[in-house]
Amino acid sequence: MKTSRPILARIDPAALRRNYLHAKRLAPAAKAWAVVKADAYGHGLWRAMAGLREAADGFAVLEAETAIAMREAGIRQPILLLEGIFASRDRRAVLEYGLTAAVHCTDQLDMMLAPGPTASPLSIYLKLNTGMNRLGFSAGELPAALARLRGAAADITLMAHFAEADGARGVAWQMERFRAMTGGWRGPVSLANSASVLRHPDTHGDWVRPGIMLYGASPFADRSAAELGLEPVMSLESRIIAVQHIGAGERVGYGGTFAAEGPTRVGIVACGYADGYPRHAETGTPIAVLGRRTRTLGRVSMDMLACDLTSIPEAGIGAPVTLWGRGVAGEVPADEVASAAGTIAYELFCALAPRVPVEVGESGPG
Ligand SMILES: *Cc1c(COP(=O)(O)O)cnc(C)c1O
């Protein structure tokens, strides 16, 4: 619903495409699944498709229904079901719509290979558990699964996922297990998420699976998206709707968690946790007003939050605010807001609330 409340999210499909092409340059020998699960990490699947439709080698999603909708919209590239099918009725969709399905356990393999019509070769991502301990076949289970898929003449790609590609422990230990499990394998492999695309070229294999980097956020705590050559895709923008002048000792917001040390000009922004702004963002979370960077003050409420306008006297009611992304009022990395709230940009993007109107267009001041 378009409302007169000034909050707005802007999505820039061209920036999304450039981030995808950046991932492709980093993994030049591989093809790249554009991971568009979770409604394209909260950006809107179809808005993301506007940027990726021509560019991407393939698309990775979770639900068969999403994949079907994409096929019905005319998308011809491979579509990967990252967790495979959840019910035997989805097997038909895999066949009928030519989807690629992960298979991560024997029960799922039973579903995929159930008797019934089979079309042109099944395209299967056989998932190995190399230490994430979430999904995947163990070393002991693998030979039987491979034999069954070969018996069904499936096209097989081996897939694994890294638990700590963004951290100090890295990927070598999981790569070691992968090699030990798959010794003589000569077929295609797919291992790398964004962190591995960016930091571990030895993992790139045949198909990489970048997600968060496409949306212009960093998978690393110690490298910013800008340093990684990524552009923000989503901006969350609003305006100042009230200004308060408070003196030393006056407090702001629920719980009075911020107390002014001296005369302070407080701007009230039309954005709160019901818009998807993280309630746990503490005083000091970066925010931009009228092209200047400042900080939030006190607790985030449902529909509003407060910011410090003491050093931005020209910002009054109606002044534009950027909560995150590259907005009219300036740029604030979503990663920094997330980190101030003890979370990651993935969660901020996915939590963008349905009540926030979304516009598609180029982001940035102007
Ligand atoms: C979500 C997901 C990805 C993408 O991960 P990012 O960290 O966002 O790059 C890759 N592979 C699998 C299996 C996933 O579920």
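The values are calculated or read from the model by the stated rules, or taken from the named source; none is laboratory data. In this text the structure is predicted, and so the values were computed from the model without any measurement. Glycine also receives a Cβ, built like all others from the backbone with ideal geometry; neighbour counts cover every protein chain displayed. Ligands, DNA and RNA are stripped out before the accessible areas are found, and what is left, the full protein with its side chains, is counted by its heavy atoms. Shrake-Rupley method; radii C 1.70, N 1.55, O 1.52, S 1.80 Å.
Out of the stretch 149-168, which residues are away from the ligand (no atom under 16 Å from the Cβ) and not in a strand (DSSP E or B)? Those that are away from the ligand (no atom under 16 Å from the Cβ) and not in a strand (DSSP E or B): LEU149, ARG150, GLY151, ALA152, ALA153, ALA154, ALA168. From the list ALA160, ALA139, the lone residue that is buried (at least 17 other Cβ atoms within 10 Å of the Cβ), under 26 Å from MET175 (Cβ atoms) and under 31 Å from the mean Cα position of the chain (by Cα) is ALA160.
Exactly one condition in (1) touching a residue at least 24 places away in the same chain (Cβ under 8 Å); (2) assigned to a helix (DSSP H, G or I); (3) over 17 Å from TRP324 (Cα atoms) is not met by MET213; state its number. MET213 satisfies all of (1) touching a residue at least 24 places away in the same chain (Cβ under 8 Å); (2) assigned to a helix (DSSP H, G or I); (3) over 17 Å from TRP324 (Cα atoms) except (3). Reported count of residues in the stretch 98-107, each being surrounded by 15 or more Cβ atoms within 10 Å (Cβ to Cβ) and more than 14 Å from the ligand (Cβ to nearest atom), is 3. When the criteria are applied in full, GLY58 meets the requirement of being touching a Leu at 6+ places or on another chain (Cβ under 9 Å) and open to solvent by less than 10 Å² (accessible area, probe 1.4 Å). For the stretch 184-207, the set of residues classified as among the polar types (S, T, N, Q) and either within 9 Å of the ligand (Cβ to nearest atom) or not in a helix (DSSP H, G or I) (or both) consists of SER190, ASN193, SER194, SER196, listed by residue number. Of all residue pairs spaced 6 or more apart or on separate chains, those with beta-carbon atoms under 9 Å, a first member in the stretch 1-19 that is open to solvent by 10 Å² or more (accessible area, probe 1.4 Å) and a second member that is in a strand (DSSP E or B) and among the charged types (D, E, K, R) are PRO6/GLU237; PRO6/ARG239; LEU8/GLU237; LEU8/GLU359; ARG10/GLU237; ARG10/ARG326; ARG10/GLU359.
Residues checked against (1) hydrophobic (A, V, I, L, M, F, W, C); (2) free of Cβ contacts under 8 Å to residues at least 24 places away in the same chain:
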| site | (1), (2) |
| --- | --- |
| ASN129 | no, no |
| LEU135 | yes, no |
| ALA147 | yes, yes |
| GLU164 | no, yes |
| TRP173 | yes, no |
| PHE178 | yes, no |
| THR182 | no, no |
| TRP185 | yes, no |
| SER194 | no, no |
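Tallying residues that are under 19 Å from THR296 (Cβ atoms) and assigned to a loop (DSSP other than H, G, I, E, B) within the stretch 331-366 yields 9. Within the stretch 117-133, the residues that satisfy the criterion of being open to solvent by 20 Å² or more (accessible area, probe 1.4 Å), over 15 Å from PHE178 (Cβ atoms) and not in a strand (DSSP E or B) are PRO117, THR118, ALA119, SER120, PRO121. Count of the stretch 165-190 residues, restricted to those that are under 17 Å from the mean Cα position of the chain (by Cα) and open to solvent by less than 60 Å² (accessible area, probe 1.4 Å), is 1. Quick check: is even one residue across the stretch 73-85 assigned by TED's automatic domain parsing to the domain that holds ASP206, modelled with pLDDT under 95 and open to solvent by 20 Å² or more (accessible area, probe 1.4 Å)? No: the stretch 73-85 contains no residue that is assigned by TED's automatic domain parsing to the domain that holds ASP206, modelled with pLDDT under 95 and open to solvent by 20 Å² or more (accessible area, probe 1.4 Å).
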